[in-house]
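Peer 1: What follows is a structure written as structure tokens; I'll ask about it next.
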Amino acid sequence: MGGLPRGAGKGMVAGMEQFLRKRFIHSTVILPLTLGALLFCGSDLEVMGANVSHIRLNQAGYIHNETKTAILMAVGTQTGSFSVVNTADGSNVFSNAIPGTSLGKWSSSFPDDYLLDFSAVTNCGVYYVMAGGVTSPDFTITNAEAIYTPLLTNALFFFQSQRDGPHVLTNVLGRQPAHYYDTNAVTYLPPDYDDNDVLVGGLTNTGGPNIDASGGWFDAGDYCKFVETTSYVEGMMWLALRDYPNRLSANGDFMGEALFGLNWLMRMWNQTNRILYYQVSIGDGNASGSIAGDHDYWRLPQADNVNLATNNAGYYAKSHRPAFRAGPGGSPISPNLAGRLAAGFALASQTLRQTNAALANECLEDAQTIFSLANTDPGTNLLTASAYDYYPETSWHDDMEWGAAELYFATAQTNFAGLIQTNALYYLQASAIWASNYLAVDNGSDTLNLYDTSAVADYELYRAITQAGNPGGLAVTQAQLLAGMSNQLASGNKEAGKDPFQFSQKYTEYNDPTPHALGFAITANLYQTLTGTNAYAKFGLEQRDWVLGKNAWGTTFIVGAGTTFPHCMQDQIGNLSCNLDGEPPIRLGATVDGPGEGTNDAGAMDGMITCDDSSVFTNFDSGTAEYHDGVAFWMNVEPAQDYTAPTILLFAQQMGELAAPAPTLAPAYSTNASFVFNLTGAVGFNYVLQVTTNLGGSNWTSLGTYTAPYSYTDTVAGSYSSRYYRAVSLP
């Protein structure tokens, strides 16, 4: 994360325990035996000791034709060879010498660490590695679909279980509707917090109308809702839906989930009055305890469906949660929020253009208006959340670049009355200006994560310049954009060269290691797409593998991925609705922050179920990095929506887009009063059903988008002398 804790104040409300923002859980996943996939072999947490060597690798599995490496985490100098063994028959399928040079010292307990490369093993199967007298967990080598399909589906499950409001999915972890009074939320001015994130004074009513602030996703393990993080999540989710529509539709209702988040953002933005509301609920209360915050309670969200009196400390935190207004109607909007909101809305507009033109138009109008209100001279602090320390973001040129790039694409698709700007090149030029400003002011300060979206912005702007025919006079060139992406990747690669586990960052207190590693893996893929080179492909795989188990602690940081992963997240839903021993039900897909330099034990709270597996990992801490799998350790194991969203894009990238098969039916003809058209394309793919009265013409009219198989009944067919039907696969 870089900065201070998110969703977590530094102070304690008097007389109350306070949990901070991050949490955690654990389970075992079995991959289905399909598409040539092999059963994923799980194992219990191994008994880990400081006096035994260990082998760390990607526990989710390796794609058969990619680079495959493991790390021998040794208690001393190692010689001899290592082997890869097929579990099916015990045969040794590959052997090689342990490298003569160690990657370096991890800790006093593990002074020597060796890179074991077994890329030559390409046959699908279940294997383990033997080296230094120890064996690794079992792992698979198979196709990308077998590995990443369940992980992609798990990511969707996390967001479905993270829903707030009346439209939760009760078949997901038994979730129940929550926060009834959000449907009629009172609006307030931004509150004041001191340097310890303690509320100063009370809340000031705006005097404006109440709003419907229901729905949306909880931010993390708490129940606050922020535009700051949801706008980033929506941007990443719609980007994945636009670029991998068939892949995502074949793995669950990602479109429905993206629309769920979009609907909440559209409630937080009043297009008519040009008002943005940036937060629902209050995280931390005041010093006296007369006003409590969300972080002062440990409960399931439906426990907040109470009508508390105004003098009850939990009035604002639970029953009558405030919606905070960014400013009066038409006032400037903090550019980080303006840019990301514009990007998310414009990406939704692009993705929905063929299937829901009315909603696409509404998204584009919102995006253009918000972008036009961006405050491009924001001063010291950007508006992120209250308190600001939850999300101490400082970079915003990247968000404006991203927003403008997506507005170029969305505006180029259409031209309808009511748009502020119909010339798409206006946004192309604006995006180039903000890219140039980022390179001049912010370049090198961060890499892809919530706080820095420049890698995605550069990728999109590069594509936009190409689509526009590479016009002259732009403030930045495509070569400069590539150089910016390359510089970020090179900086991470350089840092990875100093770490025995090839991790791309220093382990600092608030550095968000997992989302940064995911960001590097995504950026490497984007860079390869633009350049056609694999200059950073190996580095990208190293970051992916680190998240999926090739780290000092031998755990993945995604619930349900691999054989060892979080059991004890600091997460209220996970702690109170799930098993804490790795057996279902668990919060599949939840992604946590991972290790850091020092950790904060937030202590126990009333209602919290005790869970702490930290002792399993203690022996693998170094002098600068610790990892705790315990419900009290928000810094390591609190899941968050902005941590999980990048996994959707990354896992889709790993598999690539599915080519939609052509519909199996030629245009059908009917003169009947009622006609049934059977859509028999590939199961799970989306098709636009179209109709015309003139088969030789071009005026096909859309009847809607449907997922095969589907039977459509046209009850008005008899009103026409003839009607023709066809199904067209989405691009």
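Throughout, read-outs are computed from the coordinates displayed, never taken from laboratory work. Note that the structure is predicted; figures quoted are calculated from it, not measured. In this analysis, Cβ positions are derived from the backbone assuming ideal geometry, glycine residues included, and neighbour counts consider all displayed protein chains.
Peer 1: Can you give the extra length, in nm with one decimal, that the chain gains between Ser81 and Ala120 once fully stretched, where that is 0.36 nm per residue apart less the Cα-Cα distance?
Peer 2: Between Ser81 and Ala120, full extension yields 12.5 nm more.
Peer 1: Let me ask another. Too long at a 30 Å Cα-Cα cut-off: which of Lys68/Lys225; Lys506/Lys538; Lys105/Lys538; Lys318/Lys550?
Peer 2: Too far apart for the 30 Å limit: Lys68/Lys225; Lys318/Lys550.
Peer 1: Placing +1 at every Lys and Arg Cβ and -1 at every Asp and Glu Cβ, with all other atoms neutral, what dipole size does the range 444-516 have around its Cα centre, in debye to the nearest 20?
Peer 2: So the magnitude is around 240 debye.
Peer 1: Just going by the charge dipole of the chain, with Lys and Arg at +1 and Asp and Glu at -1 on Cβ, which of Gln480, Ala178, Asn58 is farthest out on the positive end?
Peer 2: Of the options given, the answer is Gln480.
Peer 1: While we're here: Which whole-angstrom value gives the distance between the alpha carbon centres of the range 548-620 and the range 117-169?
Peer 2: Using only Cα atoms, the two centres lie 17 Å from each other.
Peer 1: Give, rounded to the nearest 20 debye, the magnitude of the charge dipole that the range 54-142 has about its Cα centre when Lys and Arg contribute +1 at Cβ and Asp and Glu contribute -1 at Cβ. Intermediate values should be presented prior to the final figure.
Peer 2: Working: 3 positive and 6 negative charges, 26 e Å.
Here the size comes out at about 120 debye.
Peer 1: Further question: Once whole DSSP H runs in the chain are found, which of them have Cα atoms spread over 15 Å or more along the helix axis and a mean Kyte-Doolittle score of at least -0.5?
Peer 2: 144-161, 227-243, 254-268, 335-352, 357-372, 397-412, 424-441, 454-467, 478-496, 513-531, 641-655
Peer 1: Sorted by average packing, counted as other Cβ atoms within 10 angstrom per residue and highest first, what order do 576-587, 627-638 take?
Peer 2: In decreasing order of mean packing, 576-587, 627-638 become 627-638, 576-587.
Peer 1: Mind ordering 539-547, 236-244 by average Cβ neighbours within 10 Å, highest first?
Peer 2: Averaged packing, sorted descending, gives the order 539-547, 236-244.
Peer 1: Suppose we keep just the alpha-carbon trace of the chain; what are its Rg and Dmax in angstrom?
Peer 2: Gyration radius and largest Cα-Cα distance of the chain: 26.0, 85 Å.
Peer 1: Counting pairs of alpha carbon atoms under 8 Å apart in space and at least six apart in sequence, what relative contact order in percent does the chain give?
Peer 2: Numbers: 1811 pairs, mean separation 134.1, N = 731.
Relative contact order, the chain: 18 percent.
Peer 1: List, in order, the whole-Hz ³J(HN,Hα) value for each residue of the range 97-108 obtained from phi through the Karplus relation with A = 6.51, B = -1.76, C = 1.60 and θ = phi - 60°; use x for Gly and Pro.
Peer 2: Values, residue by residue: 6, 5, x, x, 10, 6, 6, x, 8, 8, 7, 5 Hz.
Peer 1: Sort 250-259, 409-418, 52-61 by the packing proxy (mean of other Cβ within 10 Å over each peptide's residues), most packed first.
Peer 2: Ranked from most to least packed, the peptides come out as 52-61, 250-259, 409-418.
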